[in-house]
Amino acid sequence: MTLPVVTAVRTLVTAPDGVNLVVVRVETDVDGLYGLGCGTFTFRAHAVAQVVDTYLAPRLVGRPIGDITDIFYSLYLAPYWRTGPIENNALSAIDLALWDLKGKLAGMPVWSLLGGKVRQYLDAYRTVLAPTEGELVDIVRQRIDEGESSFRVLLEDPGDPTAVPYYGEPYMNAMESLLRLLRRQLGDEPRLIVDVHGRLSPSECIRFAGAIEESKPYYLEDPLVLEDLGWLPRLRAQTRLPIAMGELFTDVNEYAAPISRREIDFIRCHITSIGGLTPAIRLMHFAEVFGVKTAWHGPADLSPIGHAANAALGISALNFGIHEHSQPGAATQEVFPGSLVMSGGRVVPSDAPGWGIDFDEKRAARHEAVSGDVRSFLEFRRRADGTIQHP
């Protein structure tokens, strides 16, 4: 069988809802056959596009589309120094586009190529962010009425990026109080996810985990920053709470030790930052061997193509845990026809070939990318005394 050959690779950075998304289109010598990939590292979007256009595209043009694994590792090993979020997001853009092509060529959704469905839908959650306990409880209650059952709860004001968020003791006290209130008013059924992400020192996190055990969180998300991973065995030994780690990992090898030592319960990585679907499949199956579940990172700074990849993994994985969903805005849905939306707490992947997502370049071009000199909200995060804070 003669496979289609790559004839061109084009990269576009667009921001339909004010967040930079990096999309790659891989074209072939078959009329109308193209693949779409996501390489969204929103805080360095133009650097990713530069790597794709300057270094990866010339190495891809002229190759048959079928040998995805060989293409991935050829591009991965080519620069000698490897991994990192810029390089891996560029790899992901190509990798996801090739999987999209393989699905389209076969006339099958990507999840079918991964072995097919082992469930009919994905239990999903969205973040609930509010400045007060009362407002947050009201939002959760409304979403429960709409069929949702899982929530990541955060007390911060999204409208003021310069505001000092909760860190240390104030964070611990606020979250303990919030969790107790949610359980008193809503009972034990809602699954509550607790997001730490640099707000606590390791010793504070150990105390915090013990203090909230009675509230039965679904898991403790990224309780330690990358620089403090040496504390993970101690945290594991002193809490019964499930632990989810890895949102900031940029190398699948970083998971080997915590998974094999059974120090975590969920893998939490950003699929584009580890290089795309090809390494994610290997990581997913490795985690399954050790009884570790998936909880892929699904934020607003991941294009609908990336979300579709998360969903393909989730619908085909025996070790699926939970699906993080960010509901795409109207502008994003216009740019990406077929974007997955959550209904009643569930996400259902498309049955269309490939990712089931298209990309309207004309509409995308109307949404100019956010300039690289615009500071993100993460850059404003400091403690009350001015100390810069780990995100």
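The values are calculated or read from the model by the stated rules, or taken from the named source; none is laboratory data. This structure is a prediction, so every number in the text was calculated from the model and none was measured. Please note: Cβ atoms are built from the backbone with ideal geometry, for glycine as well, and neighbour counts cover all protein chains shown. For accessibility, only protein heavy atoms count, side chains too; no ligands or nucleic acids. Shrake-Rupley method; radii C 1.70, N 1.55, O 1.52, S 1.80 Å.
Taking the range 365-391 as the range and being among the polar types (S, T, N, Q), within 30 Å of Leu224 (Cβ to Cβ) and free of Cβ contacts under 8 Å to residues at least 40 places away in the same chain as the test, only Thr387 passes. Give me the helices (runs of 4 or more DSSP H) completely within the range 298-381, filtered to those with at least 3 residues that are aliphatic (A, V, I, L, M), ordered by residue number. In the range 298-381, 304-316, 330-335 are the helices (runs of 4 or more DSSP H) which contain 3 or more residues that are aliphatic (A, V, I, L, M). Considering each residue of the range 1-52, count those that are without any contact (Cβ under 8 Å) to a residue 12 or more places away in the chain and more than 20 Å from Gly103 (Cβ to Cβ), and give that number. Residues that pass the stated criteria total 1.
The rows are residues; the columns are (1) modelled with pLDDT of 95 or more; (2) charged (D, E, K, R).
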position: Arg82; (1), (2): no, yes
position: Asn89; (1), (2): yes, no
position: Gln120; (1), (2): yes, no
position: Arg143; (1), (2): yes, yes
position: Val153; (1), (2): yes, no
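Can you find a residue that is buried (at least 16 other Cβ atoms within 10 Å of the Cβ) and at pLDDT below 95 anywhere in the range 188-195? For the range 188-195, residues buried (at least 16 other Cβ atoms within 10 Å of the Cβ) and at pLDDT below 95: present. Can you tell me which residues in the range 329-347 are aliphatic (A, V, I, L, M) and crowded, with 16+ Cβ neighbours inside 10 Å? Matches in the range 329-347: Ala331, Val335, Leu340, Met342, Val347. Residues that are open to solvent by less than 40 Å² (accessible area, probe 1.4 Å) and touching a residue at least 60 places away in the same chain (Cβ under 8 Å) within the range 200-231 comprise Tyr219, Glu221, Val225, listed in sequence order. Filtering Arg268, Arg282 for residues that are basic (Lys, Arg), at negative phi and in contact with a His (Cβ under 9 Å, 6 or more places away or on another chain) leaves a single hit, Arg268. Among the residues of the range 121-139, those identified as open to solvent by 10 Å² or more (accessible area, probe 1.4 Å), outside any helix (DSSP H, G or I) and either of a type in the set (A, V, I, L, M, F, W, C) or over 22 Å from Gly306 (Cβ atoms) (or both) are Leu129, Pro131, Thr132. On inspection, Ser326 qualifies as surrounded by 16 or more Cβ atoms within 10 Å (Cβ to Cβ), at negative phi, within 15 Å of the chain's Cα centre (by Cα) and touching a residue at least 60 places away in the same chain (Cβ under 8 Å).
Note on the range 348-385: residues that are crowded, with 20+ Cβ neighbours inside 10 Å and within 22 Å of Gly107 (Cα to Cα) total 6.
Please find, within the range 140-153, the residue that is nearest to Gly344 (Cα to Cα) out of those that are out of contact with any Gly (no Cβ under 6 Å at 6 or more places or on another chain) and not in a strand (DSSP E or B). Here the answer is Glu146.
Being assigned to a helix (DSSP H, G or I) and either open to solvent by less than 10 Å² (accessible area, probe 1.4 Å) or aliphatic (A, V, I, L, M) (or both) is the filter here, so list the residues in the range 284-297 that pass it. Across the range 284-297, the qualifying residues are Met284, Ala287, Val289. Under 6 Å between Cβ atoms, which residue pairs at least 6 apart in sequence (or on different chains) link something in the range 98-119 that is within 19 Å of Thr7 (Cβ to Cβ) and open to solvent by 40 Å² or more (accessible area, probe 1.4 Å) with a partner that is modelled with pLDDT of 95 or more and assigned to a loop (DSSP other than H, G, I, E, B)? Listed pairs, sorted by first residue: Lys104/Pro353.
Candidates in the range 251-283 are the residues that are among the polar types (S, T, N, Q), at pLDDT 95 or above and surrounded by fewer than 24 Cβ atoms within 10 Å (Cβ to Cβ); of these, the one that is farthest from Arg44 (Cα to Cα) is Ser260.
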